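The block underneath contains the structure these notes are about, expressed in structure tokens.
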Amino acid sequence: MRVIFLGPPGAGKGTQARRAAARWAVVQIATGDMLREAVAAGTELGRQAKRYMDAGELVPDAVMIGLVGETLGRPEAGKGFVLDGFPRTLAQAAALDRLLEERGIALDRVVLFRISETELAERMTGRRVCRGCGRNYHVKFSPPQKPGVCDGCGDRLYQRSDDAEATVRRRLGVYERDTRPLVDYYRGQGLLEEISGEGPVDQVFEAVLRATERAR
Ligand code: AP5
């Protein structure tokens with residue numbers, strides 16, 4: 001299965017990508033997680049990316065295309081992947097087409113998560129992330145058993161710096177300007193399946209499975 005999860009920030013792409021990748025035994029390629037790991041490790045990539053991320057802006061295309069190209073070239077990606085957070089611009093989508101063509105493979109499906117802005121803002125401002133394994137929680141919708149502590153690995157939870165209200169508004173604007181055009185791009189390729197990202201996590205997962213089943 002080779003799938004893209006597309007949708008605004010906070011739509012639940014990461015939550016569902018983690019589950020879907022486990023179900024299909026493929027890799028989850030989450031560019032936001034990769035960048036946050038680079039920031040935490042203090043690498044050159046992390047240093048470059050941090051100022052864009054903190055401002056709610058996109059990291060330059062050339063950096064992202066290089067990063068994803070390298071990841072897609074790894075043997076783990078050979079069995080399939082869920083792309084979560086990439087592509088985010090038309091230039092990234094065109095580069096992905098080229099990368100896949102070079103490898104003689106094609107996308108099976110692009111799943112678009114539809115969700116209201118009010119729900120997005122609530123999801124992002126209440127989100128908490130595990131420092132150790134990157135798992136997502138929400139203070140109201142999916143709290144950990146013990147406040148501030150990851151159920152999976154026991155590490156501490158933190159709030160992302162780009163989940164502050166003003167940055168969230170900026171990120172939503174950037175989505176509309178730079179990423180929304182991908183909806184028509186993939187609709188034109190006959191790959192787009194739209195689902196509702198609202199409702200309980202299990203219900204959204206069922207919708208993801210139905211949307212991708214048709215591609216099998
Ligand atoms: P990234 O980390 O990719 O952020 P995003 O796309 O803005 O998406 P989010 O992680 O905010 O949301 P999500 O849709 O994954 O939702 P989640 O599952 O967490 O990117 C961060 C930054 O990195 C970008 O701003 C940019 O600077 C840079 N970047 C990354 N990729 C790039 C690229 N390709 N090009 C350029 N720059 C790039 O869910 C959100 C919350 O809701 C969680 O708390 C979760 O528990 C909760 N939740 C999930 N599902 C439900 C549900 N069904 N009901 C109730 N709550 C739910």
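May I ask what percent, to the nearest 5, of DSSP beta bridges between residues of the chain are antiparallel?
30
Name the residue, out of D97, D162, D84, whose mean-square fluctuation peaks in a Gaussian network model built on the chain with Cα pairs under 10 Å.
Highest fluctuation among the options: D97.
About the Cα centre of region 77-204, how large is the charge dipole given +1 on each Lys and Arg Cβ and -1 on each Asp and Glu Cβ? Please answer in debye to the nearest 20.
480
Compute the orientation-averaged projected area for the chain from the convex hull of its Cα atoms and round it to one decimal in nm².
Reported value for the Cα convex hull: 11.2 nm².
Net charge within 12 Å of M34 by Cβ-Cβ distance, Lys/Arg positive one each and Asp/Glu negative one each, not counting M34 itself?
-3
Amide H neighbours of R109 under 5 Å, at least 5 residues apart or on other chains, H built in the peptide plane: list them.
Distant-sequence amide H within range of R109: R2, I4.
Each reported figure results from applying straightforward, stated rules to the coordinates on display, with no laboratory input. In this text, all values refer to a predicted model and were calculated from it rather than measured experimentally. Cβ atoms come from the backbone with ideal geometry, glycine included; neighbour counts cover every protein chain shown.
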